[in-house]
Amino acid sequence: MEIKQVLAQFDLVGKKADVYLAVLELGSGSVIEIAKKAEIKRTTVYDILLDLEKIGLIYQTTKGAKRLFVAEDPEKLRDQLEEKEKMLSEMLPQLRSLYNVKGIKPKIRFYEGKEGLRQVYADTLNYEGEILAFASDDVVKTLGMEWANDYLEKRIKKEIRVRIIIPETDLIEKEFNPKDQKQLRSSKLVNPKKYPFSIEINIYGHQKVALMSSKEETGIIIEGAEIYNTMKLIFELLWDNLPEIKVK
């Protein structure tokens, strides 16, 4: 990719890009020197230099009676990009909450096979905020403990907390519940004989509901505000009426 194509991603296009490159090559220079280098009229160059100064790519200094414009280290562009990414990450939850406009039908995506299941689970880690889950230990039997530990490690690293309602099987009781606090998880248990969940439902991302059948190796992601909000209310209703786990 050519240098001007890259600069265009930072709104440095046309004469603004020419002036910025001229200052970089000179290191520092007067308006006249920069205008000559960029082959642009002096009055135009001066206005552009002031714009570049406002966004922190150059600064002014003096040498005797001469006013000079000096280029900042181009690393500043990376700093600006990182700042924009940080701002976007902070704003994404609000933007997503506005995304579902009335009248738009929910989006539904289907996934098949073990790789499809992995993709559905991976999607739950792309969003900030808590995951609410109706869980089953079938996924561990299908995708393996190594995959389960890798998923857990990634979720914990991203500091994504989860609340789950899950049948109290031997695997859950021995391998997972004792690690709830360490693994950023809160659990409530149901009788596995009375409520043998065979699929998992994840409610996440402010508008997404994922359904995963490990036995059938099939996953579905539904993206829609109404479905998300209703499933969240159903989860909260059950959560509020289930007892806390007794510490043994």
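Each reported figure results from applying straightforward, stated rules to the coordinates on display, with no laboratory input. Predicted model only: the values in this text are computed from it and were never measured. All Cβ positions, glycine included, derive from the backbone under ideal geometry; neighbour counts span all protein chains shown.
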Worksheet item: log₁₀ I(q)/I(0) of segment 100-241 at q = 0.10, 0.14, 0.18, 0.20 Å⁻¹, via Debye over equal Cα point scatterers, no solvent, to two decimals?
Response: -0.31, -0.63, -1.09, -1.37
Practice prompt. Mind pulling the angle between the C-alpha long axis of helix 145-157 and the longest principal axis of the chain? Nearest 10 degrees, somewhere in 0 to 90.
Written response: 50
Worksheet, complete the sentence: Between residue 150 and residue 86, the FRET efficiency computed from the C-beta separation at R0 = 22 Å comes out, to the nearest 0.05, as 0.25
Worksheet item: If you rank 118, 67 by fewest surrounding Cβ atoms within 10 Å, what's the result?
Response: 67, 118
Worksheet, complete the sentence: In segment 133-236 the DSSP beta bridges are antiparallel at a rate, in percent to nearest 5, of 60
Response to the item:
With R₀ set to 41 angstrom, the calculated FRET efficiency between the beta-carbons of residue 130 and residue 3, to the nearest 0.05, is 0.40
Worksheet item: Quick one: length gained pulling residue 109 to residue 174 fully straight, 0.36 nm per residue minus the C-alpha distance?
Response: 20.0 nm
Worksheet item: Remind me, relative contact order of the chain in percent, using alpha carbon pairs under 8 angstrom and six or more residues apart?
Response: 17
Worksheet, complete the sentence: Computed over the chain: longest principal axis from alpha-carbon atoms vs helix 75-99 long axis, angle to nearest 10 degrees, is 40
Fill in: Most to least packed among 24-33, 213-222 [average Cβ atoms within 10 Å]
213-222, 24-33
Item to complete: Please name which of 181, 237, 91 has its Cα lying farthest along the dipole of the chain towards the positive end, using unit charges on Cβ (Lys, Arg +1; Asp, Glu -1) and the Cα centre as origin.
Response: 91
Discussion item. Just to be sure I understand the curve: with the Debye formula and one point per C-alpha of segment 56-184, what is log10 I(q)/I(0) at q = 0.20 Å⁻¹?
Written reply: -1.26
